[in-house]
Amino acid sequence: MLRRTLVGDWRIRLASFLCVCGMAAVWPSPAFAQTPAPGPAPARPAPQAAPAPVANVTATIQFRVVSSPDFRAIPGARVVLIGQNGRLVKTGLTDGDGIWRTTVTVPRDPRFPGLGFVNALCVALGHNETVVFDVPIRQGTAQPVTLNPIQPGLRNEPMAMLGQIHRLDVIDFVNRFGDAAGLERQTPIPGEEGYSPFGPSLRRSASTR
């Protein structure tokens, strides 16, 4: 009886041992043991920076100073340039032909691509002052300036005039801001192909904004 019990216990222990070994052979490894080691992250392409707008404009310009009413050139007239920020830029004297040439660097004006502006105060002996607002800074600009002679007994005071902006710059300005405002074109002008002035009416899409 004791022998049968020992044999039975031995058989049970052997069966348990074999069962455990079999389960170990087919039991899957833990998930973390099957995950490969992470490699380096793929490099991302560097974003392309947008081209920065031109911050400054540099150009050689000239002033032609004359006296009214005969438009005689005035040698030795002084031209004082004032930036749009109210600071003095530079000053100089006209030559024997009444011309002063200079090279200027100013901030670009956001209203015009590639164009900057200065204001000019022009003075000369025997004449009243003339102020020229918005002189365009672009290579080749030739700004005429007229000074009025001093006349005792009459009103003597400074005169103001506008800078000589090129017609193509004016056309570009009108087209860009007229379109931005949604203005409607008028009927084309007979004989002027490709040109139609803006009118006061707004385009339908613009009037609903």
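Please treat every number below as a calculation from the coordinates, not as lab data. Just so it is clear, the model here is predicted, and its values are computed rather than measured. Note that each Cβ is placed from the backbone with ideal geometry, even for glycine, and that neighbours are counted across all protein chains shown.
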Q: Pull out the extension gain between residue 62 and residue 129, defined as 0.36 nm times the separation in residues minus the alpha carbon to alpha carbon distance; nm, one decimal.
A: 22.3 nm
Q. Residue 179 to residue 159: FRET efficiency via 1/(1 + (r/R0)^6), r the Cβ-Cβ distance, R0 35 Å, to the nearest 0.05?
A. 0.50
Q.
Using alpha carbons only, how many angstrom separate the centre of region 110-144 from the centre of region 180-200?
A. 31 Å
Q) Looking at the square roots a ≥ b ≥ c of the eigenvalues of the Cα gyration tensor of region 147-209, which shape do they give, rounded for a/c under 1.5, prolate if a/b is larger than b/c, or oblate? A) prolate
Q: Note down the relative contact order for region 114-209 as a percent, whole number, built from C-alpha pairs under 8 angstrom at least six residues apart.
A: 20 percent
Q. Does anything in region 92-128 have its amide N under 15 Å from the 7 Å Cα→Cβ label point of residue 150, and if so which residues?
A. 123-128
(Q) Please arrange 127, 166 by how many other C-beta atoms lie within 10 Å of their C-beta, fewest to most. (A) 166, 127
Q) Taking region 58-123, which trypsin sites (Lys or Arg not before Pro) meet the DSSP loop condition and have no more than 16 other C-beta atoms within 10 Å? A) 87, 111
Q. For residue 111, what is the net charge nearby, where nearby means another residue's Cβ is under 13 Å from its Cβ and Lys, Arg count +1, Asp, Glu -1?
A. -2
Q: Mind running the shape call on region 81-175? Use the C-alpha gyration tensor, a ≥ b ≥ c as the square roots of the eigenvalues: rounded below 1.5 for a/c, prolate if a/b tops b/c, oblate otherwise.
A: prolate
Q. Could you give the nm distance between label points at residue 170 and residue 204, where each point is 7 Å from its Cα heading toward the beta carbon?
A. 3.4 nm
Q) Using modelled amide H (1.01 Å from N, peptide plane; none on Pro or chain starts), what sits under 5 Å from the amide H of residue 95, excluding residues fewer than 5 places away? A) 76, 100
Q | For 123, 174, 135, order by how many other beta-carbon atoms lie within 10 Å, fewest first | A | 174, 123, 135
